[in-house]
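So the structure is just underneath, and the comments pick up after that.
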2 protein chains.
Amino acid sequence: MQTLQVELGNRSYPIHIGQNLLSQAELILPYLKRKQVAIVTNTTVAPLYLEKLAAPLRATGVSVIEIVLPDGEAYKNTETLNLIYDALLKNRCERSTTLIALGGGVIGDMTGYAAATYLRGVPFIQIPTTLLSQVDSSVGGKTGINHPLGKNMIGAFYQPQLVLADIDTLKTLPTRELSAGVAEVIKYGLIRDVKFFDWLEANMTKLMALDTSVTTEAVYHSCFNKAEVVAADEHETGERATLNLGHTFGHAVENAMGYGVWLHGEAVAAGTMMAADLSKRLGWLSAAEVERIATIFKAANLPIEAPDLGVDKYMDLMGLDKKVIDGKIRLVLQQGIGKSVVTSDYDPQALRQTLTMAL
Amino acid sequence: MQTLQVELGNRSYPIHIGQNLLSQAELILPYLKRKQVAIVTNTTVAPLYLEKLAAPLRATGVSVIEIVLPDGEAYKNTETLNLIYDALLKNRCERSTTLIALGGGVIGDMTGYAAATYLRGVPFIQIPTTLLSQVDSSVGGKTGINHPLGKNMIGAFYQPQLVLADIDTLKTLPTRELSAGVAEVIKYGLIRDVKFFDWLEANMTKLMALDTSVTTEAVYHSCFNKAEVVAADEHETGERATLNLGHTFGHAVENAMGYGVWLHGEAVAAGTMMAADLSKRLGWLSAAEVERIATIFKAANLPIEAPDLGVDKYMDLMGLDKKVIDGKIRLVLQQGIGKSVVTSDYDPQALRQTLTMAL
């Protein structure tokens, strides 16, 4: 087991990464204010892991409430959120009850948001069971739900008490979702860690095969990079925005195709290729570097071409993004591999050329 | 105009109290990150004050979005909250857009919660137009909505940038709502400021007639007391709980009768009398002191008797309260006028006697 401390003053918390963490109640017990937890999970994860987590907790005298939600991004909405509130209220959960998110990013985001807002805030613990959520949503305190007019439009910054990234849970992950998670892993190399990118190029086959040592390292270095960025910029005013590499384009893709049709990581991969294309047009990235990025995405079975929605549709959908300042579209672009910049200072014609899909 | 600074580190903010503040755009302009605001108000307040606020802002070049909600506690729910989100998204409001709450506590709580959660947090300004909201919800950062199973069950702690308490707006307030606001004013005297209680006994007639000087003083001293408590205990773990004098009983009354049937302040007055009755049974308050409390409430045209719901119903409804720790009902009780304590260390039989309404 490796442990990483996310440094956020009095809201700091540890991330444990390793095998067989789920059933170790002793990792969780020190964080409970009282012996009551509500585990929020979904219909896919529950049969696989709910009892593995719940039974050892119950054996130590913890009262466990189980909240099983429908599975999928399509349910990351007000209605499903209300199912959590309803269960908490019906079970008379108090401010000292701890919420545990057991599942992927959707479960983590919704449970975190429920924890941030139930009785104006109760403690919560994240147990991410997908690669994407282990390397992305488990660090940074972003919680929230979608709105028909945009993704993650409603939410809060709220930190967990503890994150358990049990890499054993990745064995039951569909390969498409594994690839989607790898997209975010690659992102950390691209935006700020060229050594990690080099290492990933060399170890991608092992990572895709879930080799224990390589997977643990990949999750650790991803969380390490994200934690460094978040610690320096908790509320996303500066460097943190680089974490959104590929996301402004990617959100437009997800939104246009309907949530859940493209996986988030798939949209991010295609979006990252668009950012790379624009960076190349601006003279910031060489053709060879763009090719390296495309090659590593392909090695992870990720799409490198976004759907052709037309320039106007892209511009429209991108205008809704949270990173917009004063009506200008700020983008995360590449200045070589391992260096990203957040800028609205680019030739708008170059953006339009990228959006025509003339890759 | 009097000004009070609420000290909360980098989330400190001023409260201006006085006449004719609403139309002074120059009080608001320094707090805007960009020249765009969304004013949230209701169908009762809009015809009276919306243009008085919006026109001077527009005259200085501020883009003003108007969001007019249905009026009443019954609308303090997810559906109405979504109307705010919808309008913000349709108008493409960004993180630099400021929300302005123009109305009573319901508008303030919902707008504050929308501000806390839209794009994970945007700035907001409170312009409370009722006495209750000027002396209570405008200080402390409590925001939220109701749930069918309980009041204010969903919410966030979130601070405004600025509060403008324009006492001119109280002139259009129904007298029943004025009285309800006075209940909270009296509360500050009861829990921690015996001099203020004495002053209120002497000036209640002038306050009920909205004498300018007395009203400004009453709002100022109420906010001052609340700000002191909140600054010392932002997240309600200690002294802040005394602000809930009468509220555990009162929430049960509001909940049982249906939200909006009893005004919040009316329920608090009756609930405070129940707390006083229990305090007397415990030997902490004299019969003469209970009589003083009843007399000042009567002078403000407030109810001093709660409805007889039966002991079990009260216990059941009170068990849902956010102040419950480990299943025990903690209550705010009086140890003389000007001194409150939060305790679960009382004879449960005495509580049951109080709840039988044998006042």
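The values are calculated or read from the model by the stated rules, or taken from the named source; none is laboratory data. Just so it is clear, the structure is predicted and the values come from calculations on it, not from any experiment. Virtual Cβ from ideal backbone geometry, glycine too; neighbours counted across all protein chains shown.
Of all residues being part of a loop (DSSP other than H, G, I, E, B) and buried (at least 24 other Cβ atoms within 10 Å of the Cβ) in region A:120-140, which is modelled with the lowest pLDDT? Just the residue, please. So the residue we want is A:S138.
Of the residues making up region A:236-255, those that are at pLDDT 90 or above and either more than 16 Å from A:A275 (Cα to Cα) or surrounded by fewer than 19 Cβ atoms within 10 Å (Cβ to Cβ) (or both) number 0. In a residue-by-residue description of region B:197-205, the property of being closer than 26 Å to B:M257 by Cα and hydrophobic (A, V, I, L, M, F, W, C) applies to no position.
Exactly one residue out of A:G140, A:G103 is assigned by TED's automatic domain parsing to the domain that holds A:K52 and in contact with a helix residue (DSSP H, G or I) (Cβ under 6 Å, 6 or more places away or on another chain), and it is A:G140.
From the set of residues in region B:47-60 that are in contact (Cβ under 8 Å) with a residue 40 or more places away in the chain and either in contact with a strand residue (DSSP E or B) (Cβ under 6 Å, 6 or more places away or on another chain) or surrounded by 19 or more Cβ atoms within 10 Å (Cβ to Cβ) (or both), which is nearest to B:L27 (Cα to Cα)? Selected residue: B:L53.
If only residues of region A:324-340 that are at pLDDT below 75 and not in a strand (DSSP E or B) are counted, the one that is surrounded by the most Cβ atoms within 10 Å (Cβ to Cβ) is A:V324. Within the set A:G144, A:G155, the sole residue that is in a strand (DSSP E or B) and over 13 Å from the mean Cα position of the chain (by Cα) turns out to be A:G155.
Among the numbered conditions (1) buried (at least 20 other Cβ atoms within 10 Å of the Cβ); (2) more than 12 Å from chain A (Cβ to nearest Cβ); (3) not basic (K, R); (4) not in a helix (DSSP H, G or I), tell me where B:V68 comes up short. Evaluating B:V68 over (1) buried (at least 20 other Cβ atoms within 10 Å of the Cβ); (2) more than 12 Å from chain A (Cβ to nearest Cβ); (3) not basic (K, R); (4) not in a helix (DSSP H, G or I) leaves (1) as the failure. For B:L57, the conditions (1) away from every other protein chain (no Cβ under 14 Å); (2) under 23 Å from B:V268 (Cβ atoms); (3) in a helix (DSSP H, G or I); (4) of a type in the set (A, V, I, L, M) are fulfilled apart from (2). What single numbered condition from (1) at pLDDT below 95; (2) farther than 30 Å from A:G144 by Cα; (3) surrounded by fewer than 24 Cβ atoms within 10 Å (Cβ to Cβ) fails to hold for B:D233? All conditions are met except number (2). In region A:204-228, of all residues being over 23 Å from A:N20 (Cα atoms) and free of Cβ contacts under 8 Å to residues at least 40 places away in the same chain, the one that is surrounded by the fewest Cβ atoms within 10 Å (Cβ to Cβ) corresponds to A:E228. Inspection of region B:211-218 identifies at least one residue that is away from chain A (no Cβ under 14 Å) and of a type in the set (G, A, S).
Filter region A:1-20 down to residues that are in contact (Cβ under 8 Å) with a residue 60 or more places away in the chain and of a type in the set (A, V, I, L, M, F, W, C) and give me whichever is surrounded by the fewest Cβ atoms within 10 Å (Cβ to Cβ). The residue in question is A:L8. When residues of region A:135-171 are filtered for being of a type in the set (S, T, N, Q) and at the interface with another protein chain (Cβ under 9 Å from one of its Cβ atoms), how many remain? Total satisfying the criteria: 2. Being modelled with pLDDT of 95 or more and either of a type in the set (V, I, T) or within 30 Å of A:A231 (Cβ to Cβ) (or both): is that true of A:L69 here? Against the criterion (modelled with pLDDT of 95 or more and either of a type in the set (V, I, T) or within 30 Å of A:A231 (Cβ to Cβ) (or both)), A:L69 does not qualify.
Apart from one condition, A:A74 fits all of (1) under 23 Å from A:N255 (Cα atoms); (2) buried (at least 24 other Cβ atoms within 10 Å of the Cβ); (3) in contact with a Phe, Trp or Tyr (Cβ under 7 Å, 6 or more places away or on another chain); the exception is (2).
The residue of region B:91-118 that is farthest from the other protein chains (Cβ to nearest Cβ), among those that are surrounded by 24 or more Cβ atoms within 10 Å (Cβ to Cβ) and part of a loop (DSSP other than H, G, I, E, B), is B:G104. A search for C-beta distances below 8 Å between a residue of region A:162-178 that is buried (at least 22 other Cβ atoms within 10 Å of the Cβ) and any residue that is aromatic (F, W, Y) and not in a strand (DSSP E or B), counting only pairs 6+ apart in sequence or on different chains, returns A:T169/A:Y49. Within region B:252-275, the set of residues being over 13 Å from the mean Cα position of the chain (by Cα) and in contact (Cβ under 8 Å) with a residue 60 or more places away in the chain comprises B:A252, B:E254, B:N255, B:A256, B:Y259, B:G260, B:A269, B:T272, B:M273, B:M274. Take A:L317 and tell me if it is within 22 Å of A:K142 (Cα to Cα) and not basic (K, R). Here the answer is yes, as A:L317 does meet what is asked. If the condition is being touching a strand residue (DSSP E or B) at 6+ places or on another chain (Cβ under 7 Å) and under 16 Å from B:K171 (Cα atoms), then region B:199-220 contributes B:T216, B:V219. Among the residues making up region A:295-323, those that are surrounded by 19 or more Cβ atoms within 10 Å (Cβ to Cβ) and either without any contact (Cβ under 8 Å) to a residue 12 or more places away in the chain or part of a helix (DSSP H, G or I) (or both) are A:I296, A:F297, A:Y314, A:L317, A:M318.
Looking at B:S63, B:S23, which one is under 30 Å from B:D211 (Cα atoms) and either without any contact (Cβ under 8 Å) to a residue 60 or more places away in the chain or not assigned by TED's automatic domain parsing to the domain that holds B:A115 (or both)? Only one candidate passes the filter, namely B:S23.
Scanning region A:181-192 for residues that are buried (at least 21 other Cβ atoms within 10 Å of the Cβ) and farther than 9 Å from A:A218 by Cβ gives A:G181, A:A183, A:E184, A:I186, A:K187, A:Y188, A:G189, A:L190, A:I191. Scanning region A:21-42 for residues that are more than 14 Å from every other protein chain (Cβ to nearest Cβ) and in contact with a strand residue (DSSP E or B) (Cβ under 7 Å, 6 or more places away or on another chain) returns A:L21, A:L22, A:L27, A:I28, A:Y31, A:V37, A:A38, A:I39, A:V40, A:T41, A:N42.
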